[in-house]
Amino acid sequence: MKRREFDESDVRVRPGKRSRPRSKIRPEHRDAQQAMVISVDRGRWGCVLESGTGQLVTAMRARELGRTPIVVGDRVSVVGDRSGQPGTLARIVRLEERSSVLRRTADDTDPFERIVVANATQLLIVVAAAEPTPRTGFVERALIAAYAGGIAPILGVTKGDIADASSFAAHFAGLDLPIVQCGIADSLEVLSDLLDGEITALLGHSGVGKSTLVNRIVPDADRATGAVTGVGKGRHTSSQSVALKLPRHDHSSWVIDTPGVRSFGLAHISADDVLDAFADLMDAVEECPRGCGHLGAPEDPECALDELESASYARAMAVRRLLAALRTNEAW
């Protein structure tokens, strides 16, 4: 018997398990509905559908989104069971572009950014006139984060019946910063007008009365937070952000209660990120020498901000104080 001769055409190679290329084709999900994320808890997102009755649904993140961060305030597209019935689970398949982002880092040396809230139009910075003593450093850092994130800041002062905070508030003159008294003894009429039609994130130290304020703004907040966080641990304990619909306002009015702040690092923010929020100042700093930090003498003796006049100069000096706070690592 003649022995058969073999050549390369006889070789059979079994492909490896991961050698087959994955398809980049993704389903279009034409039936997806727009929703707003109002709570996040251990891999489950509470979402309110933006069409129809505003149904609250619980959703998971679709596999194709990978580890894409989805936070309270995000606009998403959801598919699947959108009935909102107990035990049902929809699926988030798209994350829409954000109009604003409030970010922080653990400290000023931490390169990892944490997104606190997305798509907020306003940031209500809550401080107490006393007990605890208000700190300019905290407000300055919150203002920096707001300006850099494209969010309009408001300063809310509680416990005005204990102490006068006018001298503290004067520290921020020149920034066109709205300041509203919102303590337990104050009327909320002015604040209510500011919140109307806006998505407002609340930020403050523990103990300043932020939770009390939320319960005044949204009288059924305690019951509402229990419902929206029912997808995970249960009731809201100020350890996670949660969005609450404002009663007696239109469908676009929300407040987002954020956890009490212990640290607010700004490692991700530069001086130009802050100045971008002030069009008149940005025009001026175009005349600054390269590498100018806009802090004035002795660090930046040729800074163009020093040449401004009148109201623009006062605003420039107020912004310069923010830039100085951005450069310091002192505890606040």
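Quick rundown of the values:
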{"item": "Residue selected from the range 97-126 under the condition modelled with pLDDT of 95 or more, surrounded by fewer than 20 Cβ atoms within 10 Å (Cβ to Cβ) and not polar (S, T, N, Q), by the criterion nearest to the chain's Cα centre (by Cα)", "result": "ARG98"}
{"item": "Helices (runs of 4 or more DSSP H) completely within the range 128-206 that count 3 or more residues being surrounded by fewer than 19 Cβ atoms within 10 Å (Cβ to Cβ)", "result": "166-169, 189-195"}
{"item": "Tally, over the range 207-230, of residues that are open to solvent by 40 Å² or more (accessible area, probe 1.4 Å) and either modelled with pLDDT of 85 or more or among the β-branched types (Val, Ile, Thr) (or both)", "result": "6"}
{"item": "Subset of the range 265-281 [more than 14 Å from ALA146 (Cα to Cα) and at pLDDT below 90]", "result": "ALA267, ALA279, ASP280"}
{"item": "Strands (runs of 3 or more DSSP E) lying entirely in the range 28-94 (those with 1 or more residues that are out of contact with any His (no Cβ under 8 Å at 6 or more places or on another chain), open to solvent by less than 40 Å² (accessible area, probe 1.4 Å) and more than 22 Å from LEU202 (Cα to Cα))", "result": "44-49, 56-61, 75-80"}
{"item": "Which numbered condition GLY291 fails, given (1) at positive phi; (2) at pLDDT 90 or above", "result": "(2)"}
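The values are calculated or read from the model by the stated rules, or taken from the named source; none is laboratory data. Source: prediction; values computed, not measured. Cβ: placed from backbone, ideal geometry, glycine included. Neighbour counts: every protein chain shown. For the accessible areas, the whole protein counts, side chains as well, though only heavy atoms, and no ligand, DNA or RNA atoms are used. Shrake-Rupley method; radii C 1.70, N 1.55, O 1.52, S 1.80 Å.
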